[in-house]
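These notes concern the structure reproduced below.
The values are calculated or read from the model by the stated rules, or taken from the named source; none is laboratory data. Being a predicted model, the structure only gives us computed values, none of them experimental. Neighbour counts run over all protein chains shown; Cβ positions are idealised from the backbone, glycine included. Keep in mind that these areas ignore ligands, DNA and RNA; they rest on the heavy atoms of the full protein, side chains included. Shrake-Rupley method; radii C 1.70, N 1.55, O 1.52, S 1.80 Å.
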Amino acid sequence: MNSTPTVPHHIAIVMDGNGRWAKARHRPRSFGHNAGRKAVRDVVEGCLRQGVQVLTLFAFSSENWQRPQDEVGALMELFLRALDKEVDELHEQGVRLRFIGDLTAFSDALQRRMRAAMTRTAGNDKLHMNVAVNYGGRWDIVQAARRAAAAVARGELRAEDIDEATLGRWMSLAELPPLDLFIRTGGDCRISNFLLWQVAYAELHFTDTLWPDFDQACLQRAIDDYAGRERRFGRTGDQVARTQDPAC
Ligand code: FPP
């Protein structure tokens, strides 16, 4: 018997393939990112329909600053425009929007818009949508470790009392359901420094589909794939089956 609920509570996506999608159409990479924005809208719609509780998207990694300046500039423009245009609709749909990552690297205008969007949607709970920007999984672990060290320095915590649960409370997304399904589009099978801590027991789904082509049908395929997995969390298959036996 399979313990996996049909719909994952928390899905994270590495939205890869915008550049190749644009190149195939002889257009600049920014054209692909713009098309990627439409795919975001469709996937949000799909998550709302399916009852997914949390959607976490990797929009800009700590490493993406190394891209050509014009592409970084175009992405920042796109984020600004998306914030101006999409927040109203997300709010109406009951989506709570949050940005995770080191936001201090962004322009004041962008930081202001991000904070305003978070405040505005803070009371919503149909879907928690987290957008990771200037985010890296190693950064996340380091910032949690720093907070633990500061608590030790203040005398509020003993170093020997730091365990996985303690550190976990300081990681991004700690207050949300654990990550169930990690999706990566664009054909590469790697984590790329996204949610390193949180991915520990997530199911992984890799697809060749380029992000701008990813739609609700693709999301359904990923969810079906997930639903067919047996999640054992370190136990044996027999143990898992026993915990599901109504007689136990
Ligand atoms: C990776 O594709 C994609 C990004 C670095 C940017 C993701 C941004 C969006 C999808 C824009 C919309 C997002 C929001 C939240 C408004 P790539 O450029 O690495 O593609 P490639 O591997 O084909 O070069």
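Structure data summary
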{"item": "All positions within the stretch 16-35 that are near the ligand (Cβ under 7 Å from one of its atoms) and within 13 Å of Leu78 (Cβ to Cβ)", "result": "Asn18, Arg29, Gly32, His33"}
{"item": "Yes/no for Leu110 being crowded, with 17+ Cβ neighbours inside 10 Å, free of Cβ contacts under 8 Å to residues at least 60 places away in the same chain and either of a type outside the set (Lys, Arg) or in contact with a Cys (Cβ under 8 Å, 6 or more places away or on another chain) (or both)", "result": "yes"}
{"item": "Leu97 being among the hydrophobic types (A, V, I, L, M, F, W, C), within 8 Å of the ligand (Cβ to nearest atom) and under 17 Å from Val131 (Cα atoms)", "result": "no"}
{"item": "Matching residues, the stretch 193-232, being more than 13 Å from the ligand (Cβ to nearest atom), closer than 12 Å to Ala39 by Cβ and assigned to a loop (DSSP other than H, G, I, E, B)", "result": "Asp215"}
{"item": "Tabulated pairs, the stretch 7-32, first within 30 Å of Pro178 (Cβ to Cβ) and modelled with pLDDT of 95 or more, second open to solvent by 10 Å² or more (accessible area, probe 1.4 Å) and near the ligand (Cβ under 7 Å from one of its atoms), C-beta under 8 angstrom, 6+ apart or interchain", "result": "Met15/Val40; Met15/Ala59; Asp16/Leu210; Gly17/Leu210; Asn18/Arg29; Asn18/His33; Asn18/Leu210"}
{"item": "Counted residues, the stretch 44-73 - those being open to solvent by less than 50 Å² (accessible area, probe 1.4 Å), in contact (Cβ under 8 Å) with a residue 12 or more places away in the chain and more than 10 Å from the ligand (Cβ to nearest atom)", "result": "9"}
{"item": "All positions within the stretch 119-143 that are in a strand (DSSP E or B) and under 19 Å from Val52 (Cβ atoms)", "result": "Leu127, His128, Met129, Asn130, Val131, Ala132"}
